[in-house]
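The values are calculated or read from the model by the stated rules, or taken from the named source; none is laboratory data. Model, not experiment: these values are computed from the prediction. Cβ placement follows ideal geometry from the backbone for every residue including glycine, while neighbour counts extend to all protein chains displayed. To get the accessible areas, we keep the full protein, side chains included, count just its heavy atoms, and leave off ligands, DNA and RNA. Shrake-Rupley method; radii C 1.70, N 1.55, O 1.52, S 1.80 Å.
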Amino acid sequence: MSALLKAEGLSLRFGRVSALDDVAIAIWPGEVLAVVGESGSGKSTLLRVLSGQQLPEVGTIRFDGADIHAEGEAALRRLLRTDWGFVHQNPRDGLRMAISAGGNIGERLMSNGARHYGDIRAQAKDWLARVEIDPARIDELPRNFSGGMQQRLQIARTLVTRPRLVFMDEPTGGLDVSVQAKLLDMLRALARDLGLAIIIVTHDIAAARLLAHRIVVMRHGQVVEEGLTDRVLDDPQHPYTQLLVSSVLAA
Amino acid sequence: MEAGYNFAYLDEATKRMIRRAILKAVAIPGHQIPFGAREMPLPYGWGTGGIQVTASIIGPEDTLKVIDQGADDTTNAISIRRFFARVADVATTERTAEATIIQTRHRIPEAPLREDQILVYQVPMPEPLFRLEPRIAETKRMHALADYGLMHTKLYEDIARLGRIGTAYNYPVMVNDRYLMSPSPIPAFDNPKMDRMPALQLFGAGREKRIYAVPPYTPVRSLDFEDHPFRAIRAPHACTLCGSAASYLDEVVTNDQGGRVYVCSDTDFCRAEQEKAA
(Lines give C-alpha, C1' and ligand atoms only; values in the text may rest on other atoms or scores of the structure.)
Protein backbone atom coordinates (compact mmCIF):
# COMPACT_ATOMS: atom_id res chain seq x y z
CA MET A 1 0.00 0.00 0.00
CA SER A 2 1.29 3.46 -0.89
CA ALA A 3 0.93 6.66 1.07
CA LEU A 4 -2.24 8.70 0.53
CA LEU A 5 -0.50 11.99 1.16
CA LYS A 6 3.23 12.35 1.20
CA ALA A 7 5.12 15.57 1.83
CA GLU A 8 8.87 15.97 1.63
CA GLY A 9 11.34 18.71 2.43
CA LEU A 10 8.73 21.33 3.37
CA SER A 11 10.24 24.64 4.44
CA LEU A 12 8.55 27.96 5.05
CA ARG A 13 9.80 31.08 6.82
CA PHE A 14 7.83 34.05 8.09
CA GLY A 15 10.53 36.69 8.12
CA ARG A 16 13.16 35.43 10.51
CA VAL A 17 10.87 32.83 12.05
CA SER A 18 11.17 29.38 10.58
CA ALA A 19 7.63 27.97 10.63
CA LEU A 20 8.55 24.79 8.80
CA ASP A 21 12.09 23.48 8.58
CA ASP A 22 12.60 20.51 6.24
CA VAL A 23 9.45 18.69 7.36
CA ALA A 24 8.59 15.30 5.89
CA ILE A 25 5.29 13.66 6.67
CA ALA A 26 3.18 10.85 5.20
CA ILE A 27 -0.26 9.43 5.90
CA TRP A 28 -1.73 6.15 4.73
CA PRO A 29 -5.40 5.39 3.88
CA GLY A 30 -7.55 4.94 6.98
CA GLU A 31 -4.88 6.24 9.31
CA VAL A 32 -5.33 8.89 11.98
CA LEU A 33 -2.22 10.98 12.42
CA ALA A 34 -1.91 13.50 15.24
CA VAL A 35 0.44 16.46 15.01
CA VAL A 36 1.20 17.72 18.51
CA GLY A 37 3.36 20.50 19.84
CA GLU A 38 3.13 23.77 21.71
CA SER A 39 1.69 27.00 20.30
CA GLY A 40 3.93 28.43 17.61
CA SER A 41 5.60 25.13 16.81
CA GLY A 42 4.33 25.32 13.23
CA LYS A 43 1.64 22.66 13.41
CA SER A 44 -1.19 24.84 12.09
CA THR A 45 1.09 26.15 9.36
CA LEU A 46 1.90 22.56 8.45
CA LEU A 47 -1.81 21.81 8.10
CA ARG A 48 -2.39 24.85 5.89
CA VAL A 49 0.56 23.91 3.69
CA LEU A 50 -0.48 20.26 3.44
CA SER A 51 -4.02 21.21 2.47
CA GLY A 52 -2.75 23.50 -0.26
CA GLN A 53 -3.98 26.72 1.32
CA GLN A 54 -0.46 28.04 1.61
CA LEU A 55 2.50 27.44 -0.68
CA PRO A 56 5.70 26.17 0.92
CA GLU A 57 8.93 27.85 -0.12
CA VAL A 58 10.58 24.49 -0.70
CA GLY A 59 9.22 20.97 -0.83
CA THR A 60 6.59 18.85 -2.54
CA ILE A 61 3.22 17.49 -1.46
CA ARG A 62 1.85 14.47 -3.29
CA PHE A 63 -1.69 13.15 -3.00
CA ASP A 64 -2.24 9.77 -4.65
CA GLY A 65 1.22 10.20 -6.10
CA ALA A 66 0.42 13.50 -7.90
CA ASP A 67 1.84 16.89 -6.92
CA ILE A 68 -1.12 18.88 -5.58
CA HIS A 69 0.14 22.18 -7.03
CA ALA A 70 1.03 20.78 -10.46
CA GLU A 71 -2.48 21.02 -11.92
CA GLY A 72 -3.25 24.55 -10.83
CA GLU A 73 -5.76 26.11 -8.50
CA ALA A 74 -8.86 24.65 -10.15
CA ALA A 75 -7.64 21.10 -9.54
CA LEU A 76 -6.67 21.93 -5.97
CA ARG A 77 -10.12 23.36 -5.27
CA ARG A 78 -11.73 20.28 -6.75
CA LEU A 79 -9.63 18.19 -4.40
CA LEU A 80 -10.67 20.37 -1.46
CA ARG A 81 -14.37 19.85 -2.17
CA THR A 82 -14.25 16.17 -3.08
CA ASP A 83 -11.45 13.98 -1.72
CA TRP A 84 -10.43 16.34 1.06
CA GLY A 85 -12.14 17.98 3.97
CA PHE A 86 -11.02 20.69 6.34
CA VAL A 87 -12.41 21.12 9.85
CA HIS A 88 -11.56 24.46 11.44
CA GLN A 89 -10.96 25.02 15.12
CA ASN A 90 -13.68 27.65 15.21
CA PRO A 91 -16.89 26.33 13.60
CA ARG A 92 -17.68 29.88 12.50
CA ASP A 93 -14.77 29.68 10.04
CA GLY A 94 -16.05 26.48 8.48
CA LEU A 95 -19.80 27.11 8.52
CA ARG A 96 -21.91 29.67 6.76
CA MET A 97 -23.67 31.24 9.71
CA ALA A 98 -26.45 32.88 7.66
CA ILE A 99 -27.45 29.59 6.03
CA SER A 100 -29.50 26.80 7.63
CA ALA A 101 -27.94 23.55 8.86
CA GLY A 102 -29.34 21.71 5.84
CA GLY A 103 -27.92 24.29 3.45
CA ASN A 104 -24.55 24.06 5.12
CA ILE A 105 -24.43 20.32 4.64
CA GLY A 106 -25.87 20.55 1.13
CA GLU A 107 -23.38 23.15 -0.11
CA ARG A 108 -20.61 20.63 -0.74
CA LEU A 109 -23.05 18.31 -2.53
CA MET A 110 -24.26 21.17 -4.70
CA SER A 111 -20.69 22.27 -5.41
CA ASN A 112 -20.14 18.78 -6.74
CA GLY A 113 -23.13 18.98 -9.03
CA ALA A 114 -26.06 17.65 -6.95
CA ARG A 115 -29.22 19.23 -8.41
CA HIS A 116 -32.02 17.28 -6.75
CA TYR A 117 -33.48 19.14 -3.78
CA GLY A 118 -35.13 16.06 -2.27
CA ASP A 119 -31.93 14.00 -2.39
CA ILE A 120 -29.83 16.80 -0.93
CA ARG A 121 -32.29 17.21 1.91
CA ALA A 122 -32.44 13.48 2.61
CA GLN A 123 -28.65 13.31 2.81
CA ALA A 124 -28.53 16.37 5.05
CA LYS A 125 -31.02 14.74 7.43
CA ASP A 126 -29.08 11.51 7.40
CA TRP A 127 -25.87 13.33 8.29
CA LEU A 128 -27.48 15.37 11.03
CA ALA A 129 -28.56 12.10 12.62
CA ARG A 130 -25.08 10.64 12.22
CA VAL A 131 -23.54 13.54 14.13
CA GLU A 132 -26.28 13.31 16.76
CA ILE A 133 -28.19 16.46 15.89
CA ASP A 134 -31.98 16.17 15.79
CA PRO A 135 -32.86 16.07 12.04
CA ALA A 136 -35.95 18.14 12.83
CA ARG A 137 -33.60 21.11 13.30
CA ILE A 138 -32.47 20.96 9.67
CA ASP A 139 -33.84 24.43 8.85
CA GLU A 140 -32.36 26.20 11.86
CA LEU A 141 -29.44 28.56 11.57
CA PRO A 142 -26.13 27.38 13.08
CA ARG A 143 -26.13 30.31 15.51
CA ASN A 144 -29.00 28.64 17.38
CA PHE A 145 -26.74 25.66 18.02
CA SER A 146 -24.37 25.20 20.93
CA GLY A 147 -20.61 25.22 20.31
CA GLY A 148 -20.40 21.43 20.34
CA MET A 149 -23.32 21.11 17.94
CA GLN A 150 -21.79 23.69 15.61
CA GLN A 151 -18.58 21.67 15.57
CA ARG A 152 -20.52 18.48 14.83
CA LEU A 153 -22.40 20.30 12.07
CA GLN A 154 -19.09 21.38 10.58
CA ILE A 155 -17.94 17.77 10.62
CA ALA A 156 -21.17 16.61 8.94
CA ARG A 157 -20.76 19.31 6.29
CA THR A 158 -17.23 18.17 5.62
CA LEU A 159 -17.90 14.43 5.54
CA VAL A 160 -21.07 14.47 3.43
CA THR A 161 -19.11 14.03 0.19
CA ARG A 162 -17.16 11.07 1.65
CA PRO A 163 -13.68 12.60 1.52
CA ARG A 164 -10.72 10.25 1.83
CA LEU A 165 -8.56 12.66 3.81
CA VAL A 166 -9.69 15.14 6.43
CA PHE A 167 -7.56 17.91 7.94
CA MET A 168 -8.58 18.97 11.44
CA ASP A 169 -7.22 21.98 13.24
CA GLU A 170 -7.82 21.65 16.99
CA PRO A 171 -11.39 20.38 16.49
CA THR A 172 -12.00 20.10 20.23
CA GLY A 173 -10.51 23.48 21.14
CA GLY A 174 -12.90 25.78 22.96
CA LEU A 175 -15.32 23.03 23.97
CA ASP A 176 -15.87 21.94 27.53
CA VAL A 177 -14.53 18.59 28.63
CA SER A 178 -17.66 16.43 28.47
CA VAL A 179 -18.51 17.81 25.02
CA GLN A 180 -14.93 17.16 23.93
CA ALA A 181 -15.17 13.53 24.99
CA LYS A 182 -18.40 13.04 23.08
CA LEU A 183 -16.95 14.67 19.96
CA LEU A 184 -13.83 12.51 20.14
CA ASP A 185 -15.97 9.39 20.49
CA MET A 186 -18.00 10.37 17.47
CA LEU A 187 -14.91 11.17 15.41
CA ARG A 188 -13.39 7.83 16.23
CA ALA A 189 -16.53 5.98 15.18
CA LEU A 190 -16.85 7.96 11.94
CA ALA A 191 -13.19 7.47 11.05
CA ARG A 192 -13.54 3.74 11.52
CA ASP A 193 -16.88 3.43 9.67
CA LEU A 194 -15.84 5.53 6.69
CA GLY A 195 -12.21 4.45 6.55
CA LEU A 196 -11.13 8.09 6.78
CA ALA A 197 -7.56 9.22 6.90
CA ILE A 198 -7.32 12.15 9.32
CA ILE A 199 -4.50 14.56 10.03
CA ILE A 200 -5.42 16.17 13.31
CA VAL A 201 -3.51 19.06 14.82
CA THR A 202 -3.88 19.32 18.55
CA HIS A 203 -2.07 20.33 21.71
CA ASP A 204 -4.24 17.96 23.68
CA ILE A 205 -2.13 14.86 24.29
CA ALA A 206 -5.08 12.94 25.73
CA ALA A 207 -7.15 13.55 22.62
CA ALA A 208 -4.22 12.40 20.51
CA ARG A 209 -3.91 9.19 22.50
CA LEU A 210 -7.62 8.47 22.12
CA LEU A 211 -7.82 9.07 18.37
CA ALA A 212 -4.47 8.71 16.70
CA HIS A 213 -2.65 5.69 15.39
CA ARG A 214 0.53 7.66 14.96
CA ILE A 215 1.93 10.86 16.42
CA VAL A 216 4.24 13.50 15.05
CA VAL A 217 5.79 15.88 17.58
CA MET A 218 6.76 19.33 16.32
CA ARG A 219 8.93 22.01 17.82
CA HIS A 220 10.29 25.19 16.24
CA GLY A 221 9.08 24.06 12.83
CA GLN A 222 10.86 20.72 12.98
CA VAL A 223 9.58 17.21 13.48
CA VAL A 224 11.44 16.10 16.61
CA GLU A 225 9.82 12.73 17.08
CA GLU A 226 7.49 10.46 15.18
CA GLY A 227 6.05 7.02 15.90
CA LEU A 228 3.11 4.90 17.01
CA THR A 229 0.97 6.74 19.55
CA ASP A 230 1.56 4.39 22.46
CA ARG A 231 5.27 4.20 21.80
CA VAL A 232 5.70 8.00 21.63
CA LEU A 233 3.55 8.68 24.68
CA ASP A 234 4.77 5.81 26.85
CA ASP A 235 8.41 5.87 25.86
CA PRO A 236 9.24 9.38 24.62
CA GLN A 237 12.79 9.66 23.28
CA HIS A 238 13.29 13.34 22.58
CA PRO A 239 13.68 15.62 25.63
CA TYR A 240 10.93 17.91 24.36
CA THR A 241 8.48 15.01 23.98
CA GLN A 242 9.39 13.86 27.48
CA LEU A 243 8.56 17.35 28.76
CA LEU A 244 5.31 17.42 26.79
CA VAL A 245 4.16 14.03 28.05
CA SER A 246 5.11 14.72 31.65
CA SER A 247 3.19 18.02 31.55
CA VAL A 248 -0.17 16.33 30.95
CA LEU A 249 -2.42 16.85 33.92
CA ALA A 250 -4.07 13.76 35.32
CA ALA A 251 -7.57 14.26 36.62
CA MET B 1 -27.99 68.13 -32.98
CA GLU B 2 -26.88 70.02 -29.91
CA ALA B 3 -23.80 72.18 -30.70
CA GLY B 4 -20.66 71.70 -28.64
CA TYR B 5 -21.08 67.97 -28.10
CA ASN B 6 -19.49 65.08 -29.97
CA PHE B 7 -21.91 62.69 -31.70
CA ALA B 8 -23.73 60.70 -29.00
CA TYR B 9 -22.14 62.77 -26.19
CA LEU B 10 -19.07 60.59 -25.48
CA ASP B 11 -15.73 61.44 -27.11
CA GLU B 12 -14.46 59.05 -29.75
CA ALA B 13 -11.63 57.63 -27.63
CA THR B 14 -14.09 56.70 -24.88
CA LYS B 15 -16.45 55.08 -27.35
CA ARG B 16 -13.58 53.07 -28.78
CA MET B 17 -12.61 51.91 -25.28
CA ILE B 18 -16.20 50.86 -24.56
CA ARG B 19 -16.49 49.09 -27.92
CA ARG B 20 -13.37 47.11 -27.10
CA ALA B 21 -14.98 46.03 -23.83
CA ILE B 22 -18.16 45.11 -25.70
CA LEU B 23 -16.25 43.02 -28.23
CA LYS B 24 -14.50 41.16 -25.45
CA ALA B 25 -17.81 40.67 -23.65
CA VAL B 26 -19.40 39.22 -26.79
CA ALA B 27 -16.43 36.90 -27.22
CA ILE B 28 -16.87 35.50 -23.68
CA PRO B 29 -20.64 35.27 -23.15
CA GLY B 30 -21.69 36.16 -19.61
CA HIS B 31 -18.21 37.18 -18.44
CA GLN B 32 -17.98 40.63 -16.83
CA ILE B 33 -15.50 42.97 -18.52
CA PRO B 34 -14.27 46.01 -16.57
CA PHE B 35 -14.35 49.34 -18.41
CA GLY B 36 -13.58 52.95 -17.57
CA ALA B 37 -17.11 54.25 -17.00
CA ARG B 38 -17.44 58.03 -17.44
CA GLU B 39 -19.46 60.53 -15.52
CA MET B 40 -22.73 60.92 -17.37
CA PRO B 41 -25.24 63.76 -17.09
CA LEU B 42 -27.59 61.64 -15.02
CA PRO B 43 -27.21 60.02 -11.60
CA TYR B 44 -25.99 56.49 -10.90
CA GLY B 45 -28.91 54.12 -10.81
CA TRP B 46 -30.64 55.93 -13.69
CA GLY B 47 -28.90 54.01 -16.42
CA THR B 48 -25.37 55.41 -16.69
CA GLY B 49 -24.07 52.01 -17.81
CA GLY B 50 -26.77 51.41 -20.39
CA ILE B 51 -26.50 54.93 -21.76
CA GLN B 52 -22.74 54.56 -22.31
CA VAL B 53 -23.19 51.26 -24.13
CA THR B 54 -25.92 52.81 -26.28
CA ALA B 55 -23.75 55.87 -27.00
CA SER B 56 -20.92 53.61 -28.15
CA ILE B 57 -22.97 51.52 -30.58
CA ILE B 58 -25.48 54.05 -31.91
CA GLY B 59 -25.10 55.49 -35.41
CA PRO B 60 -26.99 58.22 -37.31
CA GLU B 61 -29.15 55.61 -39.07
CA ASP B 62 -30.33 53.94 -35.86
CA THR B 63 -33.79 54.14 -34.38
CA LEU B 64 -33.82 54.16 -30.60
CA LYS B 65 -36.46 52.93 -28.20
CA VAL B 66 -36.04 53.32 -24.44
CA ILE B 67 -38.20 51.56 -21.87
CA ASP B 68 -38.31 51.68 -18.09
CA GLN B 69 -40.13 48.74 -16.48
CA GLY B 70 -41.62 48.10 -19.92
CA ALA B 71 -43.07 51.60 -20.27
CA ASP B 72 -42.04 54.14 -22.90
CA ASP B 73 -43.59 57.09 -21.09
CA THR B 74 -41.82 57.09 -17.72
CA THR B 75 -39.34 59.77 -16.65
CA ASN B 76 -36.24 57.64 -17.08
CA ALA B 77 -37.26 56.42 -20.53
CA ILE B 78 -38.28 59.84 -21.79
CA SER B 79 -35.17 61.62 -20.55
CA ILE B 80 -32.78 59.07 -22.07
CA ARG B 81 -34.68 59.06 -25.36
CA ARG B 82 -34.59 62.88 -25.47
CA PHE B 83 -30.93 62.86 -24.54
CA PHE B 84 -30.01 60.82 -27.63
CA ALA B 85 -32.37 62.82 -29.84
CA ARG B 86 -30.45 65.94 -28.78
CA VAL B 87 -26.84 64.73 -28.80
CA ALA B 88 -27.02 62.20 -31.67
CA ASP B 89 -30.02 63.46 -33.64
CA VAL B 90 -31.27 59.87 -34.07
CA ALA B 91 -34.83 58.82 -34.78
CA THR B 92 -36.70 57.56 -31.72
CA THR B 93 -39.71 55.34 -31.50
CA GLU B 94 -42.02 53.71 -28.99
CA ARG B 95 -42.64 50.72 -31.25
CA THR B 96 -40.53 47.65 -30.54
CA ALA B 97 -40.65 46.43 -34.15
CA GLU B 98 -39.31 49.73 -35.53
CA ALA B 99 -36.34 50.07 -33.17
CA THR B 100 -32.81 48.97 -34.02
CA ILE B 101 -31.52 49.66 -30.50
CA ILE B 102 -33.68 49.18 -27.42
CA GLN B 103 -32.31 50.39 -24.12
CA THR B 104 -34.19 48.84 -21.25
CA ARG B 105 -34.47 49.04 -17.53
CA HIS B 106 -35.89 45.90 -15.87
CA ARG B 107 -37.91 44.40 -18.74
CA ILE B 108 -37.60 42.59 -22.06
CA PRO B 109 -40.27 43.65 -24.58
CA GLU B 110 -43.11 41.18 -25.12
CA ALA B 111 -42.69 41.21 -28.90
CA PRO B 112 -39.95 38.79 -30.04
CA LEU B 113 -36.75 40.59 -31.03
CA ARG B 114 -34.94 40.10 -34.33
CA GLU B 115 -31.37 39.61 -35.50
CA ASP B 116 -31.09 43.24 -36.61
CA GLN B 117 -31.92 44.58 -33.16
CA ILE B 118 -29.72 45.15 -30.09
CA LEU B 119 -31.08 45.08 -26.56
CA VAL B 120 -29.12 47.22 -24.05
CA TYR B 121 -29.79 46.55 -20.37
CA GLN B 122 -29.18 48.99 -17.53
CA VAL B 123 -27.58 47.00 -14.72
CA PRO B 124 -27.35 48.19 -11.10
CA MET B 125 -25.26 45.25 -9.80
CA PRO B 126 -23.54 42.98 -12.32
CA GLU B 127 -22.21 40.45 -9.79
CA PRO B 128 -24.76 37.65 -9.26
CA LEU B 129 -22.89 36.39 -6.18
CA PHE B 130 -22.54 39.67 -4.34
CA ARG B 131 -25.20 39.06 -1.69
CA LEU B 132 -23.67 35.67 -0.95
CA GLU B 133 -19.95 36.40 -1.06
CA PRO B 134 -18.88 39.89 -0.01
CA ARG B 135 -15.29 39.64 -1.33
CA ILE B 136 -15.08 40.68 -4.99
CA ALA B 137 -11.70 38.96 -5.36
CA GLU B 138 -13.30 35.72 -4.16
CA THR B 139 -16.27 36.04 -6.53
CA LYS B 140 -13.84 36.52 -9.43
CA ARG B 141 -12.06 33.33 -8.42
CA MET B 142 -15.40 31.51 -8.23
CA HIS B 143 -16.24 32.66 -11.77
CA ALA B 144 -12.81 31.67 -13.02
CA LEU B 145 -13.17 28.17 -11.57
CA ALA B 146 -16.91 27.89 -12.36
CA ASP B 147 -17.39 27.16 -8.65
CA TYR B 148 -21.09 27.98 -8.31
CA GLY B 149 -22.28 25.69 -5.50
CA LEU B 150 -22.93 28.75 -3.34
CA MET B 151 -25.61 30.07 -5.72
CA HIS B 152 -27.46 26.78 -5.48
CA THR B 153 -27.18 26.96 -1.69
CA LYS B 154 -29.17 30.20 -1.89
CA LEU B 155 -31.86 28.50 -3.98
CA TYR B 156 -31.86 25.57 -1.52
CA GLU B 157 -32.45 28.02 1.33
CA ASP B 158 -35.37 29.58 -0.53
CA ILE B 159 -37.07 26.21 -0.97
CA ALA B 160 -36.35 25.17 2.63
CA ARG B 161 -37.89 28.38 3.97
CA LEU B 162 -40.62 29.20 1.46
CA GLY B 163 -41.33 25.87 -0.21
CA ARG B 164 -40.33 27.32 -3.59
CA ILE B 165 -37.61 29.47 -5.12
CA GLY B 166 -38.54 32.92 -3.90
CA THR B 167 -36.55 34.96 -6.39
CA ALA B 168 -39.04 36.78 -8.62
CA TYR B 169 -36.60 39.15 -10.34
CA ASN B 170 -32.85 39.23 -11.06
CA TYR B 171 -33.09 35.45 -11.23
CA PRO B 172 -29.58 34.04 -11.82
CA VAL B 173 -28.81 32.38 -15.15
CA MET B 174 -26.03 30.25 -16.62
CA VAL B 175 -24.84 31.59 -19.95
CA ASN B 176 -23.54 29.13 -22.52
CA ASP B 177 -23.17 26.55 -19.69
CA ARG B 178 -20.16 28.41 -18.35
CA TYR B 179 -20.69 31.76 -16.63
CA LEU B 180 -23.18 32.57 -13.92
CA MET B 181 -24.77 35.89 -14.85
CA SER B 182 -27.13 38.41 -13.35
CA PRO B 183 -29.84 39.16 -15.93
CA SER B 184 -30.26 42.63 -14.30
CA PRO B 185 -33.47 43.05 -12.31
CA ILE B 186 -35.84 41.81 -15.02
CA PRO B 187 -38.72 39.66 -13.75
CA ALA B 188 -38.04 35.92 -13.81
CA PHE B 189 -40.95 35.88 -16.26
CA ASP B 190 -38.59 37.38 -18.87
CA ASN B 191 -35.72 34.93 -18.31
CA PRO B 192 -36.89 32.38 -20.93
CA LYS B 193 -36.83 35.17 -23.54
CA MET B 194 -33.07 35.52 -23.12
CA ASP B 195 -32.46 31.94 -24.16
CA ARG B 196 -31.27 31.76 -27.78
CA MET B 197 -32.60 35.25 -28.48
CA PRO B 198 -31.86 36.32 -32.08
CA ALA B 199 -30.94 39.86 -30.94
CA LEU B 200 -27.59 40.79 -29.38
CA GLN B 201 -27.96 41.52 -25.64
CA LEU B 202 -25.55 43.99 -24.03
CA PHE B 203 -25.41 44.81 -20.33
CA GLY B 204 -23.87 47.99 -18.92
CA ALA B 205 -23.25 48.74 -15.23
CA GLY B 206 -22.03 52.33 -14.84
CA ARG B 207 -21.37 52.53 -11.14
CA GLU B 208 -19.77 49.09 -10.99
CA LYS B 209 -17.93 49.73 -14.29
CA ARG B 210 -18.69 46.39 -15.90
CA ILE B 211 -19.97 45.35 -19.33
CA TYR B 212 -21.16 41.89 -20.26
CA ALA B 213 -23.04 40.39 -23.16
CA VAL B 214 -25.08 37.51 -24.51
CA PRO B 215 -24.47 37.04 -28.25
CA PRO B 216 -27.39 36.04 -30.51
CA TYR B 217 -28.65 32.46 -30.17
CA THR B 218 -26.66 31.76 -26.99
CA PRO B 219 -28.19 29.30 -24.53
CA VAL B 220 -29.25 30.99 -21.28
CA ARG B 221 -30.53 28.69 -18.54
CA SER B 222 -32.20 29.73 -15.31
CA LEU B 223 -30.76 27.87 -12.33
CA ASP B 224 -33.06 25.38 -10.65
CA PHE B 225 -33.35 21.92 -9.09
CA GLU B 226 -34.50 18.81 -10.90
CA ASP B 227 -37.44 18.42 -8.52
CA HIS B 228 -38.10 22.18 -8.26
CA PRO B 229 -37.85 23.37 -11.87
CA PHE B 230 -37.74 27.04 -12.83
CA ARG B 231 -41.17 28.63 -13.26
CA ALA B 232 -41.89 31.94 -14.95
CA ILE B 233 -44.17 33.71 -12.51
CA ARG B 234 -46.98 35.94 -13.74
CA ALA B 235 -49.98 37.51 -12.00
CA PRO B 236 -52.96 35.23 -12.80
CA HIS B 237 -55.09 37.94 -14.41
CA ALA B 238 -55.83 39.49 -17.80
CA CYS B 239 -54.79 43.04 -18.66
CA THR B 240 -57.60 45.51 -17.88
CA LEU B 241 -56.82 47.60 -20.96
CA CYS B 242 -56.07 45.08 -23.70
CA GLY B 243 -57.26 41.81 -22.20
CA SER B 244 -53.99 39.95 -22.80
CA ALA B 245 -53.67 36.87 -20.63
CA ALA B 246 -50.06 36.20 -21.63
CA SER B 247 -48.18 39.45 -21.00
CA TYR B 248 -46.39 40.49 -17.81
CA LEU B 249 -48.67 42.60 -15.64
CA ASP B 250 -48.25 45.53 -13.29
CA GLU B 251 -50.62 45.79 -10.36
CA VAL B 252 -51.94 49.34 -10.08
CA VAL B 253 -53.76 50.49 -6.96
CA THR B 254 -56.67 52.69 -8.01
CA ASN B 255 -58.10 53.97 -4.73
CA ASP B 256 -57.82 53.53 -0.99
CA GLN B 257 -60.78 51.11 -0.88
CA GLY B 258 -58.67 48.16 -1.99
CA GLY B 259 -59.41 48.76 -5.67
CA ARG B 260 -56.73 47.56 -8.08
CA VAL B 261 -56.29 46.79 -11.74
CA TYR B 262 -53.74 44.77 -13.66
CA VAL B 263 -52.26 46.28 -16.80
CA CYS B 264 -49.47 45.24 -19.18
CA SER B 265 -46.10 46.54 -18.09
CA ASP B 266 -45.08 46.71 -21.78
CA THR B 267 -47.00 49.81 -22.97
CA ASP B 268 -46.15 49.29 -26.64
CA PHE B 269 -47.44 45.71 -26.56
CA CYS B 270 -50.63 46.83 -24.76
CA ARG B 271 -51.26 49.58 -27.33
CA ALA B 272 -50.79 47.14 -30.21
CA GLU B 273 -53.19 44.64 -28.61
CA GLN B 274 -55.80 47.37 -28.12
CA GLU B 275 -55.45 48.45 -31.76
CA LYS B 276 -55.83 44.86 -32.88
CA ALA B 277 -59.04 44.52 -30.86
CA ALA B 278 -60.47 47.82 -32.09
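For the range B:68-128, GluC sites (Glu not before Pro) meeting the loop criterion (DSSP other than H, G, I, E, B) and having at most 12 other Cβ atoms within 10 Å: B:Glu115. Summarising the label geometry, the points placed 7 Å from Cα in the beta-carbon direction at B:Glu2 and B:Arg164 lie 4.5 nm from one another.
Taken along the Cα-to-beta-carbon direction at a fixed 7 Å, the label points for A:Ala129 and B:Asn255 span 5.9 nm. Compared with the direct C-alpha span, the chain from A:Leu55 to A:Asp21 gains 10.8 nm at full extension, assuming 0.36 nm per residue.
When chain A is treated as a GNM with alpha-carbon contacts under 10 Å, the residue of A:Gly15, A:Gly106, A:Gly227 showing the greatest mean-square fluctuation is A:Gly15. The dipole here belongs to the range B:87-190: it is taken about the Cα centre, uses +1 on the Cβ of Lys and Arg and -1 on the Cβ of Asp and Glu, and is about 420 debye. Dipole check for chain B: with +1 at the C-beta of Lys and Arg, -1 at the C-beta of Asp and Glu, and the Cα centre as origin, the magnitude is about 720 Debye.
Is there a pair in A:Lys6/A:Lys43; B:Lys24/B:Lys193; B:Lys24/B:Lys154; B:Lys65/B:Lys193; A:Lys6/A:Lys182 whose C-alpha atoms are over 25 Å apart, and which pairs would that be? Correct reply: B:Lys24/B:Lys154; A:Lys6/A:Lys182. Shielding value for A:77-89 is 1, the average number of Cβ atoms from other chains within 10 Å of each residue's Cβ. Per-residue packing, averaged as other Cβ atoms within 10 Å, sorts the ranges A:23-33, B:34-44 into the order A:23-33, B:34-44, beginning with the highest.
For the protein assembly as shown, what % of the accessible area comes from carbon and sulfur atoms, probe 1.4 Å? It would help to have the intermediate numbers written out before the result.
Values: 12000 of 23550 Å².
Of the solvent-accessible surface of the protein assembly as shown, carbon and sulfur hold 51 percent.
Calculated FRET efficiency, A:Asp93 and B:Arg86, Cβ-Cβ r, R0 45 Å, to nearest 0.05?
Calculated transfer efficiency: 0.20.
Counted residue by residue at 0.36 nm each, then reduced by the alpha carbon distance between them, the extension gain from B:Ala137 to B:Arg178 reaches 12.9 nm.
Just tell me which aspartates and glutamates come within less than 14 Å, Cα to Cα, of B:Lys15; anything on the same chain fewer than 8 places away is out. Counting by Cα, and skipping residues close in sequence, B:Lys15 has these aspartates and glutamates nearby: B:Glu39. Placing A:Met218, A:Met1, B:Met1 in order of accessible area, with the largest value first and a 1.4 Å probe, yields A:Met1, B:Met1, A:Met218.
Taking every residue in A:114-120 and counting other chain Cβ atoms within 10 Å of its Cβ, the average works out to 6. Taking the centroid of alpha carbons for each part, the range A:59-99 and the range A:191-251 are 24 Å apart. The distance linking the range B:93-139 with the range B:14-42 is 14 Å (Cα centroid to Cα centroid, whole angstrom).
When the range B:1-126 is described by a simple charge dipole with +1 on each Lys and Arg Cβ and -1 on each Asp and Glu Cβ, the residue from B:Leu23, B:Met1, B:Ala77 located farthest towards its positive end is B:Leu23.
For peptide B:145-154, the mean count of partner chain Cβ atoms within 10 Å of a residue's Cβ comes to 6.
Listed by chain and number, the aspartates and glutamates whose alpha-carbon sits under 13 Å from that of A:Lys125, ignoring those within fewer than 8 places in the same chain, are A:Asp134, A:Asp139, A:Glu140.
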